[in-house]
Amino acid sequence: LRQSEERFRTLMACSSDIISVLNPDATIRYKSPAFFRLFGYREEDVLGQNAFAFIHPDDLQRVMQIFHDRLQTPGLTEPVIFGFRKADGGYLMLEGVGNNLLHDPAVRGMVVNCREVTGRIRAEEALRASEAKLRALADHAPVSIFMSDPTGHCMYVNQRWCDMTGYAASEAYGLGWVA
């Protein structure tokens, strides 16, 4: 038993994922070591506090609704992405999944597993911006553009192609390229 507990403590101390246990009123009962390393808080700064006080204002209502909905039914939530305030006042993005274990006598709380995803979110936003720029360039290019899948079926045409062929883009999608 002692060896098992030691293994568990070591795994928790080394994990990069955050585990939290919240009371039904969202009072923080437990945060794993990864939380303190990542967010810069001390235990006395967060334990006993309401978890919603740390959620980014843009995400607060959505996160509260998901939390309260899950209180009514045991089991897992869908993954949710939200901002969480660091000790220095900045925010990191977390992807979390809640699990209502209020019925479990060993836990009696909402367990929330989170992973820090700020870099991933920024990369996705940059990719979307880049795709929008490329789409705008292609849509307004002075040359005709027809893009097909490997079987030759149309996946994209720009306005210049439509002007030249007389087809609407919606008519072109799915058409095969005839050589």
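The values are calculated or read from the model by the stated rules, or taken from the named source; none is laboratory data. This structure is a prediction, so every number in the text was calculated from the model and none was measured. Don't worry about glycine lacking a Cβ; one is built from the backbone with ideal geometry, like all the others, and counts go over all protein chains shown. The protein model used for the area step is the full one, side chains on, heavy atoms only, and it has no ligands, DNA or RNA in it. Shrake-Rupley method; radii C 1.70, N 1.55, O 1.52, S 1.80 Å.
Quick notes on this structure:
- Within the stretch 26-179: Cβ-based charge dipole about Cα centre, in debye rounded to nearest 20 (Lys, Arg +1; Asp, Glu -1): 400
- Accessible area ranking (1.4 Å probe, heavy atoms, ligands and nucleic acids excluded), largest first, for PHE67, PHE146: PHE146, PHE67.
- The residues of the chain expose, per residue, 64 Å² of accessible area to a 1.4 Å probe.
- 15 Å reach of a label modelled at ILE81, 7 Å along Cα-to-Cβ, counting backbone N of the stretch 111-146: 115-131
- Close amide-amide hydrogen proximity is noted between GLY109 and LEU101, LEU102, ASP104, each under 5 Å apart and 5 or more residues distant or on a separate chain (H modeled in the peptide plane; Pro and chain starts excluded).
- The stretch between VAL143 and LEU175 holds 9.5 nm of extra length on full extension. This uses 0.36 nm per residue minus the Cα-Cα distance.
- Cut-off 20 Å (backbone N to label point 7 Å along Cα→Cβ of GLN65), residues of the stretch 86-128: 94-100
- Computed lengthening from ALA53 to LEU101, 0.36 nm per intervening residue step minus Cα-Cα distance: 15.1 nm
- Nearest-ten-degree value, helix 57-71 long axis tilted from longest Cα axis of the chain: 70
- For the stretch 1-126: relative contact order, % (alpha-carbon pairs under 8 angstrom, 6 or more apart): 24
- Accessible area of LYS86 in the full protein assembly, 1.4 Å probe (Å², nearest 10): 50
- Among [x] 74, 34, 34; [y] 70, 34, 23; [z] 58, 33, 28, the entry that matches Cα extents along the principal axes in Å as calculated here: [x]
- Candidates VAL63, VAL143, VAL21: whichever shows maximal mean-square fluctuation once the chain is modelled as a Gaussian network with Cα springs under 10 Å: VAL143
- Helical runs (DSSP H, four residues minimum) scored at -39500 (n - 2.57) apiece and divided by the length of the chain put the mean residue ellipticity at 222 nm at -12000 deg cm²/dmol.
- Degrees between helix 118-139 axis and first principal axis of the chain (Cα, 0 to 90, nearest 10): 10
- Axis of helix 2-14 versus longest Cα principal axis of the chain: the two differ by about 40°, to the nearest ten degrees.
- Potential lengthening of the chain between GLU124 and THR27 amounts to 31.7 nm, from the contour at 0.36 nm per residue minus the alpha-carbon distance.
- Percent accessible area from carbon and sulfur atoms, the chain, protein chains only, probe 1.4 Å: 56
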